[in-house]
Structures are given as structure tokens and as C-alpha cells.
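Engineer: Below you'll find the structure I mean.
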Amino acid sequence: MADVPVVDLGAGSGPAWLDAWVGENRGRVVGWRRAIHAQPELARCEELTTKRVSETLLRAGLEPRTLPGGTGLVCDVGRGEPLVALRADMDALPLAEQTGLDFASTVPGVAHACGHDAHTAMLLGAGLALASAPSLPGRVRLLFQPAEEVQPGGALDMVADGVMDGVRRAFALHCDPRLEVGKLGTRVGPITSACDLLELRLTSPGGHTSRPHLTADLVEALGLIVTQLPLLLTRHVDPRSGTVLTWGAVHAGEAANAIPQTGLVRGTLRTADHATWTSLEETIRSLVASVLAPTGVGYVLDHVRGVPPVVNDASSTRILRDAGIAVGGEQAAADTEQSSGGEDFAWFLEEAPGALARLGVWPGEGPKRDLHQPTFDLDERAIPFGVRVLVQSALAALAEA
């Protein structure tokens with residue numbers, strides 16, 4: 001896709017080689033984002049996106065390596081030690097876009113409604129900008145990650161592939177449609193939450209609703225689980241942990257006068273505390289057993305452990321915050337709250353310290369579209385700003401390592 005004119009909010013913030021690269025290439029980076037946006041790919045299907053990124057890196061003289069699964073890639077810029085990592089996620093969502101953009105999704109039912117198209121373009125731009133530097137005091141590893149939108153996430157595949165071996169620090173940005181463009185939201189400590197999936201399948205002999213005493217009343221048992229399990233959980237975990245169980249699907253029966261034989265309830269279990277997350281499965285299994293024991297209903301509980309919270313360490317958060325200030329001045333620095341959403345960048349931070357920051361993409365007027373909405377869009381001035389923040393963070397981390 002052709003270059004797209006866009007304002008560089010960090011123009012002149014340096015260093016000189018970075019100013020030169022962004023000045024000449026910011027339109028290309030925005031064009032990359034639009035091309036990816038128009039042809040979105042779901043988790044573990046990011047073949048075209050992976051190919052585009054790989055070919056661009058190869059043309060710049062770099063040596064990207066595609067992951068064994070065929071999607072996602074890793075590429076080092078620079079030589080020697082120390083080594084720091086920058087990460088972007090690549091996958092889109094299974095929803096139909098409703099933005100009306102000239103470069104809107106051409107794939108029915110698939111859209112980049114979480115900003116991963118911008119994340120990928122910014123990291124690609126940061127990598128090529130770093131490659132243009134006269135020298136680097138070490139190596140920067142570019143992690144283009146597949147499958148962030150599914151549990152437990154493509155980050156685990158990358159960690160298993162050894163991409164974090166030797167990494168001193170890792171950084172990532174995520175678009176925030178509630179934060180104005182030109183601002184960077186940072187927070188020390190947890191910035192996202194753990195997220196597990198629960199699926200509970202209930203079984204009963206079934207029977208006539210006129211004789212519930214002769215069978216196991218499955219619908220009544222479902223009601224107890226739906227209402228009692230979240231309540232009981234609040235009395236078995238520290239309330240300061242921000243633990244929340246919310247149901248998203250309940251299914252049982254068809255006829256008004258028949259007690260069904262099967263039922264299903266699905267939901268998400270979230271917590272803001274890492275230690276609480278490690279013990280939640282045992283707690284949930286115990287509570288489910290105690291709630292259902294008097295009903296006589298059989299059950300199978302599938303507790304899928306998702307991702308831990310993203311926990312930003314203080315030094316890495318300071319590096320990101322300072323990078324934002326270096327690019328956009330003191331007014332660029334913003335505080336941000338912990339989200340109850342999950343983010344599998346957490347798996348990288350299980351291997352090395354690091355931090356995730358929220359990149360403002362709201363233009364400053366008009367509605368604030370939320371992530372995962374069909375109407376989500378972003379102010380593209382955030383893209384060169386994000387490129388600069390990633391580069392400045394990597395340089396500072398290398399200098400301090």
C-alpha cells in the first residue's frame with residue numbers, strides 16, 4: 001500500500017538517525033498498518049501478515065525467522081549483548097467491521113478491532129529504524145507474536161521456542177482508545193488481570209417436571225451454580241485481589257414440562273493478583289462439588305487456565321514512561337488503571353522483567369470507541385509516536401543493562 005501522509009508528533013525529539021528514518025518512512029509504516037488492516041487474519045492463521053513482515057525485514061538486510069507453527073516470527077537487530085525484546089501481536093478478531101474506512105476489512109467476519117495491525121506496523125517500523133542506527137550497544141529482538149486473542153495464547157509457543165533466552169527486559173505497547181493520541185499510559189505492578197475459562201457440563205437422568213423428586217433436577221442445579229458459585233467465591237478469596245467470575249452462556253432443555261438430561265454453563269474467571277490466580281482452580285473445584293453435592297446432578301468441570309496478570313516492574317515502567325516523555329514531552333506521561341482484561345504478554349514477563357504501556361489512539365474529539373467493537377478505529381498519528389517510543393525504550397534498556 002502507498003505511503004500515507006501522517007503527522008509525526010515526536011518530530012525533532014531525536015536522535016538524529018531516528019528523526020531521519022521516521023521523517024522519511026512514517027507514511028510507509030501507516031501504509032503497512034492499512035494493508036494489514038484490510039486483510040486481517042485470525043489466531044494461528046496469520047500467514048499473509050507473517051509473510052509481509054518477513055519480506056520487509058529481509059529487504060532491509062535483516063534475518064527474520066518464522067516460528068515452527070508457520071505464523072509469527074522473531075528477528076534480531078544489532079549484535080552482541082545485552083539483549084532486550086520488543087513485542088507486537090498480529091492476529092485479528094472474529095467480528096464484522098463497521099467502520100466504513102477506505103481500507104476496511106475485505107475478509108467477511110474478520111476485523112482488526114483491537115489495534116494489532118498498528119502494533120505490528122509499529123514494531124516493524126521500530127525494527128527498521130533501529131537497523132538504520134550507526135551502531136547499537138547490544139541487540140534488540142523483535143517478537144511478532146501470533147494468537148494473542150485465544151487461550152492460552154501464542155506467547156507460550158514463542159517462549160517454548162526459546163525467544164526469551166538471554167533477554168534482559170521486554171516491552172510492549174497496546175492501543176488505548178480512551179487515551180488521547182500523544183499520551184502514554186504507564187503503571188507499576190499489575191496492569192492487566194489473569195483470565196481463565198470455565199465450562200461446566202451437568203448431567204441428569206431427566207424426567208417429568210411433575211415428578212422432580214424422582215430424578216435430579218438439572219435446571220435447579222444450574223441455577224444454584226450460576227447464582228451461588230460467584231457469591232461463594234467472594235468468601236474464599238481476598239477481596240483485594242479483584243477476583244470476578246462472570247457467566248457468558250447457559251444452556252439447558254427445550255420443553256417446559258421436561259427436566260433435561262444435559263446442561264452447560266460457560267464463563268470467565270478473572271483476578272488481578274498473581275498469587276490468587278495460582279490457587280483458583282483448586283478453590284473452584286471444591287466449591288462446585290459442595291454446591292452440586294445435594295442435587296444429585298453429575299458434572300464435568302473444564303477449567304482452562306489462561307494467562308497470568310501482566311506485572312510491570314518498576315525499572316521497566318520508568319524506561320517506558322521516560323521514553324514517552326522523550327518523544328512527546330512531559331504532557332505525554334499519563335497514569336493508567338489496571339484492566340480486568342487478559343493479555344498474554346504476561347508469559348514473556350514470566351521469563352524476564354519488563355513492562356506494557358497503553359498508547360493513546362483517541363483523536364481528542366468524538367466518541368471513544370472501545371476495543372473489540374466493530375466500529376473501533378485509531379488516530380494514525382499514534383503510529384509514528386509508537387515507533388519512537390519503542391525505539392527509545394530499547395535504547396534506554398540497552399544502556400542500563
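Engineer: Out of all the residues in the stretch 129-183, which are under 17 Å from Gly324 (Cβ atoms) and open to solvent by 30 Å² or more (accessible area, probe 1.4 Å)?
Structural biologist: Selection gives Arg169, Arg178, Glu180, Lys183.
Engineer: Continuing with the same structure: Would you mention how many residues in the stretch 136-173 are more than 24 Å from Leu359 (Cβ to Cβ), in a loop (DSSP other than H, G, I, E, B) and small (Gly, Ala, Ser)?
Structural biologist: 3
Engineer: Can you pull out every residue in the stretch 87-123 that is under 17 Å from the mean Cα position of the chain (by Cα) and of a type in the set (S, T, N, Q)?
Structural biologist: Thr120
Engineer: Given the conditions (1) more than 19 Å from Pro309 (Cα to Cα); (2) in contact with a His (Cβ under 8 Å, 6 or more places away or on another chain), report the number of the one that Leu173 does not fulfil.
Structural biologist: Against the list (1) more than 19 Å from Pro309 (Cα to Cα); (2) in contact with a His (Cβ under 8 Å, 6 or more places away or on another chain), Leu173 comes up short only on (1).
Engineer: For the stretch 349-357, indicate whether the set of residues that are over 16 Å from Asp313 (Cα atoms), open to solvent by 20 Å² or more (accessible area, probe 1.4 Å) and not in a helix (DSSP H, G or I) is non-empty.
Structural biologist: No, that holds for no residue.
Engineer: Go through the residues of the stretch 301-309 one by one and say whether even a single one is closer than 26 Å to Val110 by Cα, touching a strand residue (DSSP E or B) at 6+ places or on another chain (Cβ under 8 Å) and open to solvent by less than 30 Å² (accessible area, probe 1.4 Å).
Structural biologist: yes
Engineer: Next question, about the same structure. Considering the stretch 260-275 alone, what residues qualify as being more than 25 Å from Val311 (Cα to Cα), open to solvent by less than 50 Å² (accessible area, probe 1.4 Å) and assigned to a loop (DSSP other than H, G, I, E, B)?
Structural biologist: Pro260
Engineer: Right, something else. Which count do you get for residues in the stretch 204-242 that are outside any loop (DSSP other than H, G, I, E, B) and of a type in the set (D, E, K, R)?
Structural biologist: Residues flagged as outside any loop (DSSP other than H, G, I, E, B) and of a type in the set (D, E, K, R) within the stretch 204-242 amount to 2.
Engineer: Here is a follow-up. Hey, can you tell me all the residues within the stretch 201-259 that are open to solvent by 60 Å² or more (accessible area, probe 1.4 Å), of a type in the set (A, V, I, L, M, F, W, C) and in contact with a strand residue (DSSP E or B) (Cβ under 7 Å, 6 or more places away or on another chain)?
Structural biologist: Leu214, Val219, Val244, Val250
Engineer: Within the stretch 113-128, which residues are assigned to a helix (DSSP H, G or I) and surrounded by 24 or more Cβ atoms within 10 Å (Cβ to Cβ)?
Structural biologist: Across the stretch 113-128, the qualifying residues are His116, Asp117, Ala118, His119, Thr120, Ala121, Met122, Leu123, Leu124, Gly125, Ala126, Gly127.
Engineer: Another one. Name the residue that is nearest to Asp157 (Cα to Cα), counting only residues in the stretch 42-63 that are in a loop (DSSP other than H, G, I, E, B) and open to solvent by 30 Å² or more (accessible area, probe 1.4 Å).
Structural biologist: The qualifying residue nearest to Asp157 (Cα to Cα) is Arg44.
To keep it simple, each residue is scored yes or no on (1) part of a loop (DSSP other than H, G, I, E, B); (2) β-branched (Val, Ile, Thr); (3) under 16 Å from Ala194 (Cα atoms).
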site	(1), (2), (3)
Trp277	no, no, yes
Glu281	no, no, yes
Leu287	no, no, no
Ser290	no, no, no
Leu301	no, no, no
Arg305	no, no, yes
Arg318	no, no, no
Ile325	no, yes, no
Ser340	yes, no, yes
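Engineer: From (1) open to solvent by 50 Å² or more (accessible area, probe 1.4 Å); (2) under 18 Å from Met122 (Cβ atoms), pick out the condition that doesn't hold for Ala314.
Structural biologist: Failed condition: (2).
Engineer: Go through Val107, Val163, Val150 for me and flag whichever is modelled with pLDDT under 95 and out of contact with any helix residue (DSSP H, G or I) (no Cβ under 8 Å at 6 or more places or on another chain).
Structural biologist: Val150
Engineer: Same structure again: Considering only the stretch 359-394, how many residues are in contact with a Cys (Cβ under 8 Å, 6 or more places away or on another chain) and crowded, with 21+ Cβ neighbours inside 10 Å?
Structural biologist: 5
Engineer: Follow-up question, since we're still on this one. I'm told Glu380 meets every condition in (1) over 28 Å from Glu81 (Cα atoms); (2) within 17 Å of the chain's Cα centre (by Cα); (3) not hydrophobic (A, V, I, L, M, F, W, C) except one. Can you identify the failing condition by its number?
Structural biologist: With respect to (1) over 28 Å from Glu81 (Cα atoms); (2) within 17 Å of the chain's Cα centre (by Cα); (3) not hydrophobic (A, V, I, L, M, F, W, C), Glu380 is out only on (2).
One line per residue, one yes/no per condition, for (1) within 26 Å of the chain's Cα centre (by Cα); (2) in contact (Cβ under 8 Å) with a residue 60 or more places away in the chain; (3) at negative phi:
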site	(1), (2), (3)
Gly23	no, no, yes
Arg26	yes, yes, yes
Val30	yes, yes, yes
Glu41	yes, yes, yes
Arg44	yes, yes, no
Leu58	no, no, yes
Thr66	yes, no, yes
Cys75	yes, yes, yes
Gly80	no, no, no
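Engineer: Next up: If we scan the stretch 73-85, do we find a residue that is within 27 Å of Asp377 (Cβ to Cβ), assigned to a loop (DSSP other than H, G, I, E, B), of a type in the set (D, E, K, R) and at pLDDT 95 or above?
Structural biologist: The answer is no; no qualifying residue exists.
Engineer: For the stretch 327-338, which residues satisfy the criterion of being open to solvent by 40 Å² or more (accessible area, probe 1.4 Å) and assigned to a loop (DSSP other than H, G, I, E, B)?
Structural biologist: Answer for the stretch 327-338, where residues must be open to solvent by 40 Å² or more (accessible area, probe 1.4 Å) and assigned to a loop (DSSP other than H, G, I, E, B): Glu337, Gln338.
Engineer: Another question, then. Among the numbered conditions (1) at pLDDT below 95; (2) exposed (fewer than 15 other Cβ atoms within 10 Å of the Cβ), tell me where Val4 comes up short.
Structural biologist: Going through (1) at pLDDT below 95; (2) exposed (fewer than 15 other Cβ atoms within 10 Å of the Cβ) one by one, Val4 breaks only (2).
The values are calculated or read from the model by the stated rules, or taken from the named source; none is laboratory data. Small disclaimer: the values here were computed from a predicted structure and weren't measured. Please note: Cβ atoms are built from the backbone with ideal geometry, for glycine as well, and neighbour counts cover all protein chains shown. Note: accessible area is taken over every heavy atom of the protein model, side chains too, but ligands, DNA and RNA are not part of it. Shrake-Rupley method; radii C 1.70, N 1.55, O 1.52, S 1.80 Å.
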